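The values are calculated or read from the model by the stated rules, or taken from the named source; none is laboratory data. In this text the structure is predicted, and so the values were computed from the model without any measurement. Quick reminder, even Gly has a Cβ in these numbers, built from the backbone with ideal geometry, and neighbours come from all protein chains shown.
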Amino acid sequence: SVAASLTMLALSNHDAPFALVSGLASPGLGEYVLVVPLGLAAGVLAPLFLRLLAFGKRQFRALPLALPWRMALGGLLMGGIAVWVPEVCGNGYAPIIGILQGQALSVPVPLALLAKIAATALIVGAGAVGGIFTPSLFIGAALGAMVAGAAALIPALPQGDATLIALIGMGAFMAAVSHAPLMAILMVFEMTMNAQLLLPLMAGSILAYAVSRALRSRSLYDVLNRRHAHQAKVQALPDTELMALLEPVIRHLTPATTIDQACRQFEQTRTRYLYVVDEAGQFLGAVSIHQLAALICAAPERREAPVGPLIETAFDLLPAHASLKDAWSMFAMSPLERIPVVDNLDHRRFLGVVSKRNVLDRLRLLAER
């Protein structure tokens, strides 16, 4: 997104991709004060909006009607709303422009907001694909206009520019419903190309996201919902000790092992790494078969030299008290198939290894319970 905007600027196109507004004022004290109630309001309204969409889907699916008839019913009901509030028709772009330019709608903004929420719930519930993204922008703009209008009724409060507050509301509500605040911030910024708007926009979007996330873990997008569900399962894993999955390692190297002896060990074990343990049983590191092969090819005369220079001392380790969750997290970030286990990370007495296969098998069994 940033690269695309920079490319447009490099090609001498300095206009915003979406000509929502022009000549924006600079944010002042009023905007920063109103960011707080606006972010809180967007964070509270977004979960209610998502629950209403889910409720609409459940109610329409319960009807004994085929999908085309359910969609026709949803369109009929939405058309009834449009008779009184025509702004609910379309994707909401025209009423957004009206709000940002201070133009009067056919009904007061609060009624237009409620009508748009109801119409969106009807159409989405009936089974129509899409139609949530731009209505969310409209809801955010209307919410910002309402906050700015409410502040204007209290002269003692610092007054903010209604257009700026509406733009911040667009980003805040989109961040709250999508759980993607960075996307919302960049999107509204690109609509204006006004860098001065970034700070209050970031504050409002992050606040709305935090409140919405605390009230409802599910977002507008299923891909994020699946990711959050997966993370929740990982966090719910019991802190099972790894010692039950520990595998002993019979063959390992010592600092005095020669390169030729290490080659024979690799032939017998057929592994990528051999671990190096001193006489006291302390884990010193590992030798990679790839480094060993490269050394033999480059300097075959060194076959009787010790493996000391080839030892990788910065090697992933798990302490004996680690949990299954700790092992899963390390395997998720490491290409290793086996990770050495030591008594603790200070003394590093080598105990054995735990394999990715055994960890995944145990996780599968726990998930099926």
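Here is how the numbers come out for the structure above:
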| quantity | calculated |
| --- | --- |
| Number of the exception - ALA54 against (1) modelled with pLDDT under 90; (2) in a loop (DSSP other than H, G, I, E, B) | (2) |
| Condition check for ILE311: within 16 Å of LEU274 (Cβ to Cβ) and touching a Cys at 6+ places or on another chain (Cβ under 9 Å) | no |
| Extreme residue, farthest from VAL287 (Cα to Cα), among residues of region 346-369 that are in contact with a Leu (Cβ under 7 Å, 6 or more places away or on another chain) and β-branched (Val, Ile, Thr) | VAL359 |
| Set GLY98, GLY140, GLY144: member being under 30 Å from GLU31 (Cβ atoms), in the same structural domain as GLN196 (by TED's automatic domain parsing) and free of Cβ contacts under 8 Å to residues at least 12 places away in the same chain | GLY98 |
| Residue identified as within 33 Å of the chain's Cα centre (by Cα), closer than 30 Å to SER205 by Cβ and buried (at least 16 other Cβ atoms within 10 Å of the Cβ) among LEU105, LEU48, LEU53 | LEU53 |
| Region 327-345, residues that are buried (at least 16 other Cβ atoms within 10 Å of the Cβ) and farther than 14 Å from GLY285 by Cβ | ALA327, TRP328, MET330, PHE331, ARG338, VAL341, ASP343 |
| Residue within region 334-341 that is modelled with pLDDT of 90 or more and among the aliphatic types (A, V, I, L, M) present | yes |
| Tally, over region 253-272, of residues that are under 17 Å from ARG338 (Cβ atoms), surrounded by 18 or more Cβ atoms within 10 Å (Cβ to Cβ) and in contact (Cβ under 8 Å) with a residue 40 or more places away in the chain | 1 |
| From MET187, MET202, MET170, MET174, residue being farther than 22 Å from LEU48 by Cα, modelled with pLDDT of 90 or more and assigned by TED's automatic domain parsing to the domain that holds ALA46 | MET202 |
| Pair list, Cβ under 6 Å, 6 or more apart: region 40-64 residue of a type in the set (D, E, K, R), other residue in a helix (DSSP H, G or I) | LYS57/GLY125 |
| Unique match (being under 25 Å from MET243 (Cβ atoms) and more than 30 Å from the chain's Cα centre (by Cα)) among ALA322, ALA298, ALA286, ALA294 | ALA286 |
| Those residues of region 273-303 which are surrounded by 12 or more Cβ atoms within 10 Å (Cβ to Cβ) and of a type in the set (A, V, I, L, M), in sequence order | LEU274, VAL276, VAL277, LEU284, ALA286, VAL287, ILE289, LEU292, ALA293, ALA294, LEU295, ILE296 |
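To keep it simple, each residue is scored yes or no on (1) of a type in the set (A, V, I, L, M); (2) closer than 30 Å to ALA66 by Cβ; (3) not in a helix (DSSP H, G or I).
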{"position": "LYS116", "(1), (2), (3)": "no, yes, no"}
{"position": "ALA128", "(1), (2), (3)": "yes, yes, yes"}
{"position": "PHE138", "(1), (2), (3)": "no, no, no"}
{"position": "ALA150", "(1), (2), (3)": "yes, no, no"}
{"position": "ILE168", "(1), (2), (3)": "yes, no, no"}
{"position": "MET174", "(1), (2), (3)": "yes, no, no"}
{"position": "VAL177", "(1), (2), (3)": "yes, yes, no"}
